[in-house]
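Taking it in order: structure first as structure tokens, then the write-up.
Quick note: the coordinates plus some simple rules give every number you see, no bench work behind them. Since this is a predicted model, take the numbers as computed values, not measurements. Cβ sites come from the backbone with ideal geometry, for glycine too, and all protein chains shown count toward neighbours.
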Amino acid sequence: MKIIYNILTAFVFMAATTLLAQQTPGDTQSEVLIVNGGTYHLGNGNVINNGHLIFEDGKITAIGEGSTRKAGKMIDGTGKHIYPGFIAPAKSLGLIEVNAVRASDDEDELGEYIPNIRSIIAYNAESKVIESLRPNGVLLGQIAPQGGRISGSSTIVQFDAWNWEDAAIKMDDGIHLHWPGSFRRGRWWIGEPRGYSPNKDYAKQVSEIKNYMLSSKAYTNTAVANEAYKAMQGLFNGDKKLYIYADSEKEIIDAVTTAKEAGVSSVVIIGGYEAHKITGFLKTNNVPVLVQHTHNLPSRADDDYDMPYKLPKLLADAGVLVGLQNADASNFQTRNLPFYAGQVVGQGMDKETALQLITGNTAKILGIDDMYGTLEVGKSATFFVSEGDALDMRTNVLTQAFIDGRAVSLETHQTELWKRYSGKYGQE
Amino acid sequence: MKKFFTLSLLVCSSLLFGQDYFPENGGLKQAETQYTALTNATIYVTPTQRLNNATILFKNGKVVNVGANVSIPNNTVVENVAGKYIYPSFIDMHTNFGVEKPKRASGNGRSPQYDTRREGFYWNDHIMPEQRAMEQFKYSSKKAEGMRAVGFGVVNTHVPDGIARGTSVIVALNDVDGDAHRIIEDDAAQLFSFSKSVTSRQSYPTSLMGAMALLRQFNHDAKWYANGNSETKDRSIEAFNTNKNLPFIFESGSKTNNLRADKIGDAFSKQYIIVGGGDEYENINDIKATQASYIVPINFPEAFDVSNAYLANYISLEDMREWNQAPSNPKILSDNGVAFALTTHELEKPASFSKMLEKAFTYGYDKTKALEALTTTPARLLGKSELIGSLQNGRYANFLVTSGPLFENGTVIHENWVQGRKNVLNDKNQKDIRGDYTMTAAGRTYNLKISGDATSPKSEVKMDTISFPSKFTYADNWMSLSFTDETTKEVYRTTGVIPKDGTSFSGRLLLPNGNDSNFTAVQTNGFSEEEKKDKDANEAPEMMPITYPNVGYGNVTQPKQQTMLFKNATVWTGENAGVLAETDVLVKNGKITKIGENLSVGDATVIDATGKHLTAGVIDEHTHIATLAVNEAGHNSTAEVTIEDVVDYEDVDIYRNLAGGVTSAQILHGSANPIGGRSAIIKMKWGEPAANMIYDNSPKFIKFALGENVKQSNWESYSRFPQTRMGVEQMFVSYFNRAVEYQAAKKTGNYRYDEEMEVIAEILNGERYISCHSYVQSEINMLMKVAERFNFRVNTFTHILEGYKVADKMVEHGVGGSTFSDWWAYKYEVNDAIPYNAAIMAKQGVVTAINSDDAEMSRRLNQEAGKTVKYGGMSEEEAWKMVTINPAKLLHIDNRVGSIKEGKDADLVLWTDHPLSVYAKAEKTIIEGRTYFDLEQDKVKRAAIKQERTKLINMMLTDKGGKGGKKRAPMKKDKVHLHCDSVH
């Protein structure tokens, strides 16, 4: 009993420190704000040098070259770079705080087919990891449950909120399906050799998925409620997208074919390590790819050392709609999203095209491009101002960030510790 | 039942060689007096001594005389074997014949077992020199038959379990006489390996380097024990010492483990006989240099089934090459003068031995050498040349009677004699009946063709042009044939005895209606040799070139040291000179010889570096690539292990590191223990053997660790000390106290050599530096205080994520910090990890480096350094030092590398862009004037890989496969990227 008491005390204490460290969400925009001067990276491939941006009531009302005479509170953008907020898809941000602390882990529910499990329910809007993304320009994300075959439903959120309802910008936007591998790691504990070998159950697993989709589709509201099937309905009427995690050529083709045959209206591939081999197929089927992030090792010994670096470029050059995700990385890594995009520039991709990989393209793929992803009139004023090139780590230094026109804090638990100890040593 | 028992006893006693002094109650006692002689044979007394028209005379299982003019006593059973060949039979010196593989100890999960469960033996259960195969051995006639079928007459057998496995037994494969006869040596050799016993769950050693350390310490202890220093009894050590003059056979299992085993032997003046991996062709020069004798398996891999192109994609070039190159191993060993015996070890069944050997011959392996590797060599290695391996007088009558020269196509082994006992494999008197026949049966005439193998031929039955299904058997001079007449759909069965003379045969015909009749078969054509010739024409297969290392991106030839002149580069010196614009750098004899403007040297390769950046090579203070092991997790202190023992020069991550501009790194032990193992500091010399990668006169380092990992906080383990940070401190104090006492005892000369204490004493003496895994400020502070108490300084705190909280104390103590740029939130103790850490420490005066601890991040350390500009506002020059000269200082190699300075090693990187930028690519990575990575060369390598893969896939598609066309399913090795926490 005493132990339990101690644990409880520890929790209360932790909760308290968390609250103290948490930054307060910004207030609703109440006045006209104008950024004057600077370079505007629109997120659609275009740039405006020495321009201006006006936003009111959380929306962009003007953007263009030169300066404006409109009255409003001025933000000096001279010499600075203005970008749309970066978007991080397929993350469990807010569902887990510290990887090794089980009590902080809410990302993976029991069960293989659980589309009715909703990430937004457990989303911790006050996560310290989430606030640490903002100073690097990552302002939006898709929160996805993890594990299983169908892990559940994701929701797209903005990263400056009091609670999960505030945070959601597109509720239950998609369902996440982990496609089986045609090759799998030997289950040595039941006597299979270590290493990877062909998955003998692959065909069976694929047909299981197909049956599940068909059963879901055939579901009509009857006396017996089936929440799982209900959750699947959006896939067939266009309300939800199906995010399929698949990497190799064969799996991608099987996944897309199966989903289309079952009547799924919108499919997105997450991963796509071999997608560059089947770009024609992807274009024909109108399937975009959220490709695995660039700071990865090649999957196979003989692959080009820079395969992960150049993969987004190979896809973009072939005309596939492509964005970047880091689903397989720890959540804290999500603040490196801009640098994943920067890495592709080193492979010869144009900087503005690389920017699209984490802004305009991602918004289109996630279906939030009506409001987010690019700096255009009528869209949400979700953007930031950086001292320099935000895709390079040396110069990604934010001075202001806005979500829906609200000025958001760029302070974090980490900047506070930085200031506290710099102060201790009298460093400036 | 009882009757049967009596009968079998009688049979046995009548066949057994009597043992002189044994009473005989089952019959009349009678000594064996007869001789046996085989005459007119071609006899190979040894693989190189051939006698024509010779006789072998033997009695009581041993050769009495062999030669062209042997006088044959009257009481001799003589058999004329004119035209036949006689060879000494084979010896397999590495089997577990008649010994059951021990069963795995069942465990109850939960916490690991750290201590031994034995009493009166060595402290580690995996050391079992007292184990005697003799005591577990049970002769198996069935297994013996399998071995004899491929030519073996004698085996050396042991218990295949444990690191020290005890002694082996030499057994003749004599089914008839009992163990009193067939056991040639009770304690023939001592066996060793790197694999733990499955019978014990004692945790130590969990790693290869731990197994090596354990063997070294055991050898030290055995010496100490032999000198009478122990007050307690240790049966393991006693057995080891008793048998110390026997041959030591070490089952290493791979080309690099061969070197590891040999190194241990050398340290204790014992030359092991090494059971290799069959992959010695890949590092043959190093193998040769061991001067060891080997026992080599020939389990050549089957071709992969590459018919499915998607799945074939997963197979690495390395694995495809293995299929193509491995059969060359015996030839390459032999050509290089390495002494070795062949073994059936690693083969699923001995039956495949002949086929594998045949494959080796197609790769050019010499047949006489093969015979030596199966006879005289193993006999010599076992110290038993006076008894086995050849057919001189006095040797056991262990020989093969063959139809022609051994190993030639079409030659069959007729008989395998063991200790004078005949075992018929293929009746030598059975006639070769192959040929074309006209067969008459039930009033019809058929064409019968008998072809294939002379001893087990196959049939083809035809009428006109229609083939009928048929089945043919032929043994003991009796044939039987059944066939279905397709015109009548009726089945006919025939049996007949083959007459000694003539070319026809006849016999009984069983008609479809059950009635009897007769058949005759008259030969029209004899066996045509055409077919045989076709088989002989087996051309040597094309072998892919062996690269260094022999994996994708390996080098065909090693890069040469060049004189190079970089023109007009932006040079990041990392010295007071700062960043120099449009500057030339000259490299000669592996060193940076000149930095300046408008340099010119006649014979230099000029590299136009206009618009590019030249820097010193990146140095990673903390990596776990290029190693086969990270943690020895079996004990809480493992100073006795060293990563230098397990450097993996074949890891493709070395090449990928080069592609990221990394030239040097410290491979650290993991963080499982408060006192971890010793480091290896290497240069990324891709293509060189491990020993050449390790720094010459390398500074000595050891890993220490603090916090959650050593407390085992994040997994189920509650039995190991320490479980708290309080315990961690006391553990250090205890070990340092013991090291102080050890040194005092050492001075008196009366002490037990303890490798672990030797290493810890080096720390106290300032000869070995600590790099300590650390996270929170309390523990960082603690270790500095412990060090100060024992009067030394901690060299480096690695990770050190809360270093910013105690930077002032670190400066005072004089310790450096090597940290991540921006990692946090992965465990509880990194809650307060901040990306500003490096900048705060550096500004406070701590020598600060950015490290990776990660195979992916290590190849982008330049970018990680760039992050310190963003987080904490480091100047670009200072940021760059964090991955070059600062880690060099922490590793005490800054006098050789880490900056661009005249006289330093030419470890350089030419970048396409600003080196701290995410946009920069390493264009050339140079170590000591050799170009180990080059973007253009990389393109060539990619093309070559593609081409070679295609070629090998095509070869596999046309390969006939193993038995029944069997091929291996595609596979991909499970490449484990190791981190601090990896238990390996």
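Scaling the Cα radius of gyration of the protein assembly as shown by the globular reference 2.2 N^0.38 Å produces a ratio of 1.10.
Ranked by how many other Cβ atoms sit within 10 Å of their own Cβ, fewest first, the residues B:Met782, B:Met810 fall in the order B:Met782, B:Met810. Maximal additional length on extending the B:Asn336-B:Ala226 stretch stands at 35.7 nm, based on 0.36 nm per residue less the C-alpha distance.
Computed over the protein assembly as shown, the per-residue total of -39500 (n - 2.57) for DSSP H runs of n ≥ 4 gives a 222 nm mean residue ellipticity of -7500 deg cm²/dmol, rounded to 500. Taking a sphere under 12 Å around the Cβ of B:Thr583 and counting the other residues whose Cβ falls inside, with K and R at +1 and D and E at -1, yields a net charge of 0. Modelled this way, with points 7 Å down the Cα-to-C-beta line, the labels at A:Thr220 and A:Ser207 are 2.8 nm from one another. Calculated FRET efficiency, B:Lys233 to B:Arg942, Cβ-Cβ distance, R0 = 51 Å: about 0.20 to the nearest 0.05.
In this structure, B:Glu490 and B:Thr362 have a Cβ-Cβ separation that, at R0 = 51 Å, corresponds to a calculated FRET efficiency of about 0.70.
Taking Cα centre as origin and charging only the Cβ of basic (Lys, Arg, +1) and acidic (Asp, Glu, -1) residues, the dipole magnitude of the stretch B:755-825 rounds to 280 debye.
For B:Ser719 and B:Arg508, the difference between the fully extended length at 0.36 nm per residue and the C-alpha to C-alpha distance is 68.0 nm.
Report the residues of the stretch A:129-144 in range of a label on A:Ser330: point 7 Å along Cα→C-beta, backbone N strictly under 20 Å from it. Flagged as within label range: A:129-138, A:144.
Averaged over the residues of B:831-837, the number of partner chain Cβ atoms lying within 10 Å of the residue Cβ comes to 6. Compared with the alpha-carbon gap, the fully stretched path from A:Asp317 to A:Ser299 is longer by 4.3 nm at 0.36 nm per residue.
Which FRET efficiency value, to the nearest 0.05, do you get for B:Glu32 and B:Val412 by plugging their Cβ-Cβ distance into 1/(1 + (r/R0)^6) with R0 = 35 Å?
With a Förster radius of 35 Å, E is 0.70.
Within the stretch B:186-207, name every residue whose backbone N is under 17 Å away from a label modeled 7 Å from Cα of B:Lys103 along the Cβ vector. Flagged as within label range: B:198-201. For the stretch A:86-372, the relative contact order comes to 16 percent (Cα pairs under 8 Å, sequence separation of at least 6).
Neighbour counts of C-beta atoms inside 10 Å place A:Phe236, A:Phe402, A:Phe55 in the sequence A:Phe236, A:Phe402, A:Phe55, starting with the fewest.
Between the residues B:Phe304, B:Asn423, B:Ser385, the greatest Cα displacement towards the positive end of the dipole of the protein assembly as shown, with unit charges on the Cβ of Lys, Arg, Asp and Glu, is found for B:Asn423. In chain A, a dipole from Cβ-located charges (positive for Lys and Arg, negative for Asp and Glu) runs towards its positive end, and of A:Ile190, A:Tyr309, A:Asn331 it is A:Ile190 whose Cα lies farthest in that direction.
If you take all other residues with their beta carbon under 10 Å from the beta carbon of B:Ala105, and give Lys and Arg +1 and Asp and Glu -1, the sum is +3. Ellipsoid semi-axes for chain A, based on the Cα gyration tensor and the rule √(5λ), read 36, 27, 22 Å when sorted largest first.
Note on B:Met726 and B:Gln558: their simple-model spin labels are 5.6 nm apart, each label 7 Å out from Cα toward Cβ. Each of the peptides B:513-523, B:693-703 was scored by the mean count of other Cβ atoms within 10 Å over its residues; in descending order, highest first, they stand as B:693-703, B:513-523.
Per-peptide packing, taken as the mean over residues of other Cβ atoms within 10 Å, places B:298-309, B:940-951, A:249-260, B:851-862 in the sequence B:851-862, A:249-260, B:298-309, B:940-951 from highest down.
Taking the inverse of the mean reciprocal distance over all distinct Cα pairs, the Kirkwood hydrodynamic radius of chain B comes to 32.9 Å.
Placing dummy labels 7 Å off each Cα toward the beta-carbon, the span from A:Glu261 to B:Asn515 is 6.1 nm. When only alpha carbons are used to place a centre, the stretch B:653-676 and the stretch A:142-209 end up 32 Å from one another. With a cut-off of 10 Å between beta carbons, the residues surrounding A:Gln23 carry a summed charge of -3, where Lys and Arg count +1 and Asp and Glu -1.
The mean count of C-beta atoms from other chains within 10 Å of the C-beta of residues in A:387-399, rounded to a whole number, is 5. Taking every residue in B:301-309 and counting other chain Cβ atoms within 10 Å of its Cβ, the average works out to 1.
Please order B:His914, A:His176 by the number of other Cβ within 10 Å, starting at the fewest.
In order of increasing Cβ crowding within 10 Å: B:His914, A:His176.
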